[in-house]
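J.: Dropping the structure in here first, questions after.
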Amino acid sequence: MAFTVSSTTVAGGNVFPSIWTDSDDSGRNIISRNGFSLMNKGSLLHLSTKGRNRRALSVTCSVATRPLFSVPSSPPPRESSHERKLSAWTSIRQERWEGELLVEGEIPLWLRGTYLRNGPGLWNIGDYSFRHLFDGYATLVGLHFNNGRLTAGHRQIESEAYKAAMKNKRLCYREFSEVPKPANFFSYVGELVNLFSGVSLTDNANTGVVMLGDGRVVCLTETVKGSIQINPDTLETIGKFEYSDKLGGLIHSAHPVVTESEFLTLLPDLVNPGYVVVRMEAGTNERKVLGRVNCRGGPSPGWVHSFPVTENYIIVPEMPLRYCVQNLLRAEPTPLYKFEWHPESKAFIHVMCRATGKIVTTVEVPLYVTFHFINAYEEKDEDGRATAIIADCCEHNADTTILEKLKLQNLRSLSGEDVLPDARVGRFTIPLDGSATGKLEAALDPDHHGRGLDMCSINPAFLGKKYRYAYACGARRPCNFPNTITKIDLLKKTAKNWHEEGAVPSEPFFVARPGATEEDDGVVISMVSAKNGEGYALLLDGSTFEEIARAKFPYGLPYGLHGCWVPKNAENPLLDDARIYNFLAKQRFADGSCSGGTLILSYRHDDYIS
């Protein structure tokens, strides 16, 4: 039985960069990896561990004579020097991958679980290239942390839109700025009918990923049909997440508010302009109407990519960047795509009671443009009564050009000019005393974070509560896209910034240390596209904001959008130790090369690390 020695050994189409072979004194083949050994004993493979500080496990399976590992007939295509500079905006080069990453630095032992990041990772079908960042087919990336080690992988989310495109070699559903090309007038009319019914809308869940209160993990986009359940361990697509109610709806907020007990989201109403606020209890698929907000101005509801909540209220934003039915019907995108800017319709913030669904207040606020709210909380008087709502967001100074700047041709342009529109931490103050107006101002000097800001996270324990710290992507200018990670201190009104020349970091995600008493006690995780075409996972200390670890991917990953944290199951502490080898064995069973075999996992608890 032959084994191949390679730093990019492939099993079932999956790369494992740190596996090598050797032989013992009896001539048995041994595959070793970080203290584990996989020995060929005739028709058996035996996996064991060595060393005092390793958990011991064994895997025994019957195998056929085909090699367990195989190498592709040709290596992946080499990137030109020009392409290597643009890995953040270059389509993923293979559909799936899994392997262990070499860690530089030290991953805290308490960090045990999976960080999932979702985002558009494939921006072409054959020779046809998409136009906008938001068009790409979803690529799910997973970082699995366990006892200071890190395994990683990625897979394409198998939406109907993605599968149809791969099968037919063409666009088959409406994406953010892309519309399928009709063969003739009649097919165009039919496509419009399908648009109104929702059939032609994409289910390409390329925006967010959330873990529901019952542990299910769902990837999302702004179409309701684009809710897809995935397996957080294998990254496999389980299938469409079906809502069991009869509320219908074509679009919803891409960022629901999810807690252990509930799932809250907004359904924009394009016919009778307004927003339906719905709630889904953990463990169910049934959305129930909590209340409704009617628009104060404009011909249609404003875009609601995200919204915040406090302990007692739901904050419904109504901004003058509004959905436009006419633009939805167009075959070619307008400068604002599916939206129109209506400054004459003004801007509003609505406050709804979470318990009753009643509107508590509606105030007019200065014009604003935001994709992402950071957090909100209640200001209270000495008697504990709420007197005002504070709501923070990544605000683009009411400048809609940010949408145009996210076209791929702009992102791929490395002219050196400073073209990123300014942004700030926009702080809304919404009085609860019956006042008709609220305030919008910068929560700190935007120069502290380079006048760039988006892709934010906080310590989740402070959701809806008064908080001090936020983590986001800022800017070191000149730039055409956010290129730093910034820690914002809203109490001191300062910021700390991480930056690496030419690198593009994705959303910094905060994971709190178990048992922490300080708000910033934890780590910040980001995936970084480096200027040389490479990429790596980055860990920063949440408190000091110093780098504590990084782990390089075998090739550069495209830029991603949003993520979530899936804690490790405390009842299965050894799962990740056996993860890769279990995966290898299952691959062999699946393709028949290990037919008739058995898989036995055994743990010896006396070698536990305390």
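The values are calculated or read from the model by the stated rules, or taken from the named source; none is laboratory data. All values reported here derive from a predicted model rather than from experimental measurement. We place every Cβ from the backbone using ideal geometry, glycine too, and count neighbours over all the protein chains shown. Only protein heavy atoms, including side chains, enter the accessible area calculation; ligands, DNA and RNA are left aside. Shrake-Rupley method; radii C 1.70, N 1.55, O 1.52, S 1.80 Å.
J.: If we count every other residue with Cβ under 15 angstrom of A549's Cβ, Lys/Arg +1 and Asp/Glu -1, where does the sum land?
T.: Charge balance near A549 sits at -2.
J.: If you average the sequence gap of Cα pairs under 8 Å that are 6 or more apart and divide by the length of region 243-499, what percent do you get for the contact order? Before the final figure, lay out the partial values.
T.: Details: 628 pairs, mean separation 32.1, N = 257.
Relative contact order comes out at 12 percent.
J.: To continue, here is another question. Out of residues 5 or more away from R513 or on other chains, whose amide H comes under 5 Å of its own, with H placed 1.01 Å from N in the peptide plane?
T.: So R513 has HN proximity to G522, V523.
J.: Related question: Net charge near L290, counting Lys/Arg +1 and Asp/Glu -1 over other residues with Cβ under 15 Å of its Cβ?
T.: +1
J.: Under the rule a/c < 1.5 gives rounded, and otherwise a/b versus b/c splits prolate from oblate, where does region 243-499 land using the Cα gyration tensor?
T.: Oblate.
J.: Probe radius 1.4 Å, ligands and nucleic acids left out: which of T221, T401 has the largest accessible area, and how do the rest follow?
T.: So, going from the largest accessible area down, we get T401, T221.
J.: While we're looking at this one, here's another question. Would you check the accessible area of K338, probe 1.4 Å, heavy atoms only, in square angstrom rounded to 10?
T.: Here the accessible area works out near 30 Å².
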